[in-house]
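Below: one structure, written as structure tokens.
The values are calculated or read from the model by the stated rules, or taken from the named source; none is laboratory data. Because the structure is a prediction, the values reported are computed rather than measured. Here the Cβ positions follow ideal geometry from the backbone for every residue, glycine too, while neighbour counts run over all protein chains shown. Side chains are part of the model used for accessible areas, which takes the heavy atoms of the whole protein and leaves out ligands, DNA and RNA. Shrake-Rupley method; radii C 1.70, N 1.55, O 1.52, S 1.80 Å.
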Amino acid sequence: MVRQNNLLILILTVGVFGILTTEMGIVGILPVVAERFDISVTEAGLLVSLFALAVAISGPTLPLLFSGINRKKVMLLVLGIFVAGNIVSLLTSSFTILLIARIVPAFFHPIYCALALTVAATSVSKEEAPKAVSKVILGVNAGMILGVPITTYIASVTSVEMAMLFFAIVNALALIATLVFIPSMPVKERLTYGTQIGVLKKPIMWVAIATVVFIGSANSSINSFIAEYLGAVTHISGTTLTFALFIFGIASLVGNFAGGRFLTKNAMRTATFFPIVLGLFLMLSFLTGKSVVPMLITLLFWGILFAIGNNVSQYWISSSAQEAPDFANGMFLSCSNLGVTIGTSVGGLFISGMGAQYIVIAGVLFLIMSLASILLRKYMFNPSTQQKAAGSRR
């Protein structure tokens, strides 16, 4: 049983890695894509921005609509759509068709990812759920962080078509593994749409949503401009910059496992200390930012803590709506993408207004807001607090 669960989680991790690599891998080859289709880099950027917009739109709705269907069939459908989209992207010479081939799968992105998180959590005991979920989030982070340099490398030594073939191969491997190794998973207790949407009536859900948006904004205000920061502040480039980004990527993978273990031991304490510790390391960069070796050490902790933040976000929103896990995980993906949009925009404003060094201030401000919302939930929904409130009403 344990071996079967481990195989299931491995396949889910590969699946989300393929989907997130398809989403983010294109970032590193936008100039090559622009040249290939004879368009501007700004136009090529639509491949990223419209993909993220589609995810944000479909996150709260499509996982809900597919929540009553056999989960294996849903996973096969989504992976099949991604494989088809990747193949069309590989073969087309029209940028319009390329755009459509990316946007259509993007709407199905939250279905698979939300389902993968739900299946991982329900395949083990409640106590072990955060650890199992962290392994799937490992695929998310690996796709977001390592997918870019892998795709960039493939495109640089071969062609943009081979990079898109890589997307197709990873998704196809997940599709085949799902077909062969994952048993049928019919939904035993189908929740009505009203029951699932009803979780939005709970104040704790809205506090959780705010927390996820703030954490996503904090992460993205830094992550989106790490290369710019290291180049402008630390003055590294070329192979040293590649090495630095590699350190960040590996550290984030370590952070996934650490986050899962910390949440399993004490979720509330992990959530509370996360924004405090990350904020301290962000401020530390004002002392280490201009020196290569100290900054690389700081970057190591950035990567670990950013990954823990993703684990905290998923746990925070799913634990607020345990009666509707698919809908909650869809909201997690949607709110995280909203955080990416907000954080990237604010981080860009700090760079243009104050300089690259000061993007850490944007991150700290969002972390302060996330800490406030975490403490608000801790106070408002603490059983002892509620008992005192009930006693005062008597």
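Express the accessible area of the stretch 86-178 per residue in Å², computed with a 1.4 Å probe while the remaining protein chains stay in the model. Intermediate results must be reported in sequence, preceding the final value.
Working: 3510 Å² over 93 residues.
Normalised by residue count, the accessible surface of the stretch 86-178 is 38 Å².
Using a 1.4 angstrom probe on heavy atoms only, work out the carbon and sulfur share of the accessible area of the chain in %. Mind showing how you got there, number by number?
Values: 12120 of 17230 Å².
Looking at the chain in its full context, I get 70 percent from C and S.
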Would you mind calculating the gained length between Leu53 and His235 on full extension (0.36 nm times residue separation, minus the Cα-Cα distance), in nm to one decimal? 62.2 nm
Using the Cβ atoms and a cut-off under 11 Å, what net charge is assigned to the surroundings of Ile29, where Lys and Arg are +1 and Asp and Glu are -1? -1
Apply the membrane-span-like helix rule to the chain: whole DSSP H runs, Cα extent along the own long axis of at least 20 Å, mean Kyte-Doolittle hydropathy at least 1.0. List the helices found. 2-24, 71-91, 95-122, 160-181, 203-223, 238-288, 292-318, 359-380
Where the Cα pairs of the stretch 9-95 fall when distances are cut into 10 Å bins, in %: 14, 42, 31, 12, 1
Rounded to the nearest 20 Debye, what is the dipole magnitude of the chain about its Cα centre when Lys and Arg each give +1 and Asp and Glu each give -1 at the C-beta? 1580
Can you tell me the length gained on complete extension of the stretch Ile169 to Glu323, counting 0.36 nm per residue apart and subtracting the Cα distance? 51.9 nm
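Pairs of alpha-carbon atoms within less than 8 angstrom and 6+ residues apart define the contacts here; what relative contact order does the chain have, in percent? Walk me through the intermediate numbers first.
On the way: 611 pairs, mean separation 98.7, N = 394.
Contact order relative to length: 25 percent.
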Label the stretch 148-251 by shape, choosing from rounded, prolate and oblate, from the square roots a ≥ b ≥ c of the eigenvalues of the Cα gyration tensor; if a/c is under 1.5 it is rounded, and otherwise prolate applies when a/b is larger than b/c, oblate when it is not. oblate
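Using 1/(1 + (r/R0)^6) with R0 = 25 angstrom and r between the beta carbons of Phe286 and Val41, what's the FRET efficiency to the nearest 0.05? Walk me through the intermediate numbers first.
Details: r = 32 Å, r/R0 = 1.27.
Once rounded, the FRET efficiency stands at 0.20.
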Counting only protein chains, not ligands or nucleic acids, how are Trp316, Trp206 ordered by accessible area (probe 1.4 Å), most first? Trp206, Trp316
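Nearest 0.05, what FRET efficiency do Tyr153 and Glu128 give at R0 = 41 Å with Cβ-Cβ as r?
0.70
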Positive dipole terminus of the stretch 63-147, leading residue within Ala114, Pro63, Val74 (C-beta point charges): Val74
Suppose each label sits 7 Å from its Cα in the direction of the beta carbon; what would the Leu91-Gln4 distance come out to in nanometres? 3.8
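Restricting to Cα pairs below 8 Å that are 6+ residues apart, what does the relative contact order work out to for the stretch 246-394? Please round to a whole percent. Each step should come with its number before you reach the end.
Numbers: 118 pairs, mean separation 43.4, N = 149.
It comes to 29 percent, rounded to a whole number.
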So with the 1.4 Å probe, I'd like the accessible area per residue for the stretch 248-296, rounded to whole Å². 48
Could you tell me which of Thr242, Ile182, Gly343 has its Cα farthest along the dipole of the chain towards the positive end, charges placed at Cβ (Lys, Arg +1; Asp, Glu -1), taken about the Cα centre? Ile182
Any idea how far apart Ser352 and Val187 come out in nm if each label point goes 7 Å out from Cα toward Cβ? 4.3
Of Lys72/Lys131; Lys72/Lys201; Lys72/Lys126; Lys188/Lys265, those spanning more than 27 Å from alpha-carbon to alpha-carbon: Lys72/Lys201; Lys188/Lys265
